[in-house]
Amino acid sequence: MNHAILISGERGTGKWSLAQAIAAFLLCEDIHSEQKPCGKCRSCTQMEGLSHPDLIVMRKGKPLVPTETKNAIPVSDVLEMQKRISLQGFQGNRHIVMIYHSEDLNEAAQNKMLKTLEEPPAGTFFLMTSVNPDRLLPTLISRCRPLKIQPWGDREILRVLAENNVDEIRAQESVMEAGGSFGKALTVSSDEEYWKLREKVLREFLFCDHRSDILKTSSEWKDRKDEADVLFSILENAVHRMMHGAVTADSSRESMRWMPSEWIEFTEKARPKDYVQLFEAIALARKRVRFSVNFQAVLEQLILSLMEAVHI
Ligand SMILES: [Zn+2]
């Protein structure tokens, strides 16, 4: 789902550091800070010691409430976390929950997480890491956006795509889209329909420039409710990738070179709250579809909210 990222990969690939960087980014109070957490404000200082009052860190052996359980993250921690995120934040309206080696959540705890992951309170983000996602319930995984860290994988996949004559930009985009899977990268790289749809969705929904286009787009899509999931996933994926690029991009911005120019323009001026606003708009649209709100009305509201968040 929208507000949960599951970062998986081998030990020592920087999963927890990435989770911390994203958390610091989302909590940073410096509204002028571009792209990265400023490293100086109250929140950033607190994040260095992971002692931000609106950050909840769950990990085996460091229970939030006293427990007998030693070798797992117990359900009592999940209940405590749920209690805390239901309250107003101390320093803002945001809660970040970081779960270290989330496969340490025992089965009862994982089950208890499901409802919260599906409908988290507004402004709540989950950043979970895992070296062994096979030990997570499929229902839990499906509620998270996967981010697989593969230190050598991408380069290998790019080599294979190059051998298959995929052009460089398409290859880079396919790698990002495929989350570490050779097969998916190859399939998606030659799936013209998918790229056409993606381009259209991003142009009409995420980077819509004129209010007068909203009605045109919404009426064009109003009978395509069965494609809602693909539509929302494309949008979420794009926002996640822009945020990921913004947090991890090095000073040469090499890793963002392949991004469409609108994305780069956005990441250059976007502040953490702008990403949050984008995520919340898509999450709200998903929710309204589930509650059977008229699809065209959902889309109009969505495009309007995305417009407000993108044109900053
Ligand atoms: Zn800061």
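The values are calculated or read from the model by the stated rules, or taken from the named source; none is laboratory data. In this text the structure is predicted, and so the values were computed from the model without any measurement. Here the Cβ positions follow ideal geometry from the backbone for every residue, glycine too, while neighbour counts run over all protein chains shown.
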Search region 208-224 for residues that are more than 17 Å from Val293 (Cα to Cα) and pair each with any residue that is modelled with pLDDT of 90 or more and part of a helix (DSSP H, G or I) when their beta-carbon atoms are under 6 Å apart and the residues are at least 6 apart or on different chains. Cys208/Ile303; Cys208/Met307; Ile214/Glu300; Ile214/Ile303; Thr217/Glu204
Picked from region 3-24 (must be more than 16 Å from the ligand (Cβ to nearest atom) and of a type in the set (Val, Ile, Thr)), the residue farthest from Ile96 (Cα to Cα) is Thr13
Does Ser181 satisfy being surrounded by 14 or more Cβ atoms within 10 Å (Cβ to Cβ), polar (S, T, N, Q) and within 23 Å of the chain's Cα centre (by Cα)? yes
Restricting to region 10-67, and then to whatever is β-branched (Val, Ile, Thr) and under 18 Å from Gln91 (Cα atoms), can you tell me which residue is farthest from the chain's Cα centre (by Cα)? Thr45
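One line per residue, one yes/no per condition, for (1) at pLDDT 90 or above; (2) farther than 23 Å from Ser17 by Cα; (3) among the polar types (S, T, N, Q):
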site	(1), (2), (3)
Asp209	no, yes, no
Asn237	no, no, yes
Met243	no, no, no
Met256	no, no, no
Met259	no, yes, no
Trp263	no, yes, no
Ala281	yes, yes, no
Val289	yes, yes, no
Gln296	yes, yes, yes
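The rows are residues; the columns are (1) exposed (fewer than 14 other Cβ atoms within 10 Å of the Cβ); (2) out of contact with any Asp or Glu (no Cβ under 8 Å at 6 or more places or on another chain); (3) modelled with pLDDT under 95.
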site: Leu26; (1), (2), (3): no, yes, yes
site: Glu29; (1), (2), (3): no, yes, yes
site: Lys36; (1), (2), (3): no, yes, yes
site: Met58; (1), (2), (3): no, no, no
site: Gly61; (1), (2), (3): yes, yes, yes
site: Thr67; (1), (2), (3): no, no, yes
site: Met81; (1), (2), (3): no, yes, no
site: Val97; (1), (2), (3): no, yes, no
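Before we move on, is Pro74 more than 16 Å from the ligand (Cβ to nearest atom) and in the same structural domain as Leu140 (by TED's automatic domain parsing)?
Criteria met by Pro74.
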Take residues that are in contact (Cβ under 8 Å) with a residue 40 or more places away in the chain and tell me which of the helices (runs of 4 or more DSSP H) falling wholly in region 118-182 contain 3 or more. 168-178
Which residue, of Leu27, Leu87, Leu50, is among the hydrophobic types (A, V, I, L, M, F, W, C), within 23 Å of Val276 (Cβ to Cβ) and within 14 Å of the ligand (Cβ to nearest atom)? Leu27
Residue by residue through region 54-81, note down the ones that are in a strand (DSSP E or B) and closer than 16 Å to Leu114 by Cβ. Met58, Ile73
